[in-house]
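Some notes on the structure that comes next.
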Amino acid sequence: MKSLLFALTLTAAASLVAAPGKKTPVQTNSNCEVGLLPGRYSEKSIYQLTADWTDADGRKLRLDSLRGRPIVLVLFFTNCQHSCPFIVNDLKAVQKALSARASDRVQFVLVSIDPARDSAAALAAFRTKHKLTGECWTLLTGSPESVRQLAEKIGFNYAPGSQTQFAHSLLVTVLDGKGEITHQQAGIGADRKGAISTLEKLSSKKQR
C-alpha cells in the first residue's frame with residue numbers, strides 16, 4: 001500500500017513537471033559520461049545524447065539513428081504490474097487511429113527504466129506478449145546513466161518503489177524529426193486527439 005501511495009504521489013507531481021513550459025532542466029554534469037554532439041542538434045533535442053542502446057533484437061544503436069521521423073516516446077519497464085501495460089494499449093490505440101500516411105512514418109519507441117532486468121531478451125518477450133509487431137516499434141535498454149539523462153531531457157520522473165517495481169510518471173512524448181518535443185500528455189487513457197493531430201501534422205512535413 002505504501003508503494004502504491006508513493007507511486008500515485010510521484011505521478012501527480014510528474015503531471016505538473018510534464019506540463020507545457022515546465023520541463024525539468026538537464027543536469028549538465030551528467031553529460032561527461034554520455035557525451036554530446038555540440039552544434040549538430042539543438043539543446044532541446046534528445047539526439048544530443050550519444051549513448052549506445054540495445055534493441056529487442058540485440059542490435060546496438062544511438063537515438064539519432066531514428067532522426068527524420070516523428071517519434072512517440074515512452075519510458076517503461078517490462079515487469080510493471082500497474083500502469084505500463086495500459087500506456088502501451090494507449091499507444092496501440094494511437095497507432096490504429098493514424099492515417100495510412102502517418103502510420104507509415106511514425107515510430108513508437110519504448111525505453112526501459114529498469115536496465116538491470118530488462119535485457120534484449122526481456123524486451124523481445126514483452127514485444128511478443130503485447131503484439132507490438134512491425135518495424136514501427138522499437139524497444140530499447142541502456143545504461144542507468146543513459147536512461148537517467150534521457151528521462152531528464154523529457155521531464156520524466158522515476159524512482160524505486162519496491163524491490164521489483166518503480167514509481168514513475170505516466171508520460172507520452174511526441175518528438176519531431178529533429179528529436180524535439182512537440183507534444184506531451186500525462187495519465188492513462190488521456191485524450192489522444194492532441195497526440196494524433198500532432199503526429200498527422202509532423203507526418204505531412206518533410207523532416208530532416
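The values are calculated or read from the model by the stated rules, or taken from the named source; none is laboratory data. Computed from a prediction, not measured in an experiment: that's the story for all the values here. We place every Cβ from the backbone using ideal geometry, glycine too, and count neighbours over all the protein chains shown.
So which of Glu180, Glu145 ends up being touching a Lys or Arg at 6+ places or on another chain (Cβ under 6 Å), closer than 16 Å to Ile46 by Cα and either touching a residue at least 60 places away in the same chain (Cβ under 8 Å) or not hydroxyl-bearing (Ser, Thr, Tyr) (or both)?
Glu180
In the stretch 37-92, which residue that is among the hydroxyl-bearing types (Ser, Thr, Tyr) and not in a loop (DSSP other than H, G, I, E, B) is surrounded by the most Cβ atoms within 10 Å (Cβ to Cβ)?
Filtering first and then ranking leaves Tyr47.
Report yes if Ile196 is closer than 12 Å to Ile71 by Cα and in contact with a strand residue (DSSP E or B) (Cβ under 7 Å, 6 or more places away or on another chain), otherwise no.
no
To keep it simple, each residue is scored yes or no on (1) modelled with pLDDT of 50 or more; (2) more than 26 Å from Gly161 (Cα to Cα); (3) within 18 Å of the chain's Cα centre (by Cα); (4) among the β-branched types (Val, Ile, Thr).
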residue	(1), (2), (3), (4)
Ala14	no, no, yes, no
Val17	no, no, yes, yes
Pro20	no, yes, yes, no
Gly35	no, yes, no, no
Leu49	yes, yes, yes, no
Thr54	yes, no, yes, yes
Val88	yes, no, yes, yes
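Does at least one position in the stretch 121-132 carry a residue that is closer than 23 Å to Glu43 by Cα and in contact with a Ser or Thr (Cβ under 8 Å, 6 or more places away or on another chain)?
Taking every residue of the stretch 121-132 in turn, none turns out to be closer than 23 Å to Glu43 by Cα and in contact with a Ser or Thr (Cβ under 8 Å, 6 or more places away or on another chain).
Scan Ala159, Ala151 and give me the residue that is in a helix (DSSP H, G or I) and either farther than 27 Å from Lys205 by Cβ or in contact (Cβ under 8 Å) with a residue 40 or more places away in the chain (or both).
After applying the criteria, what remains is Ala151.
Of (1) within 26 Å of Arg117 (Cβ to Cβ); (2) in contact (Cβ under 8 Å) with a residue 12 or more places away in the chain; (3) among the acidic types (Asp, Glu), Glu135 satisfies all except one. Which?
The single condition Glu135 does not satisfy is (2).
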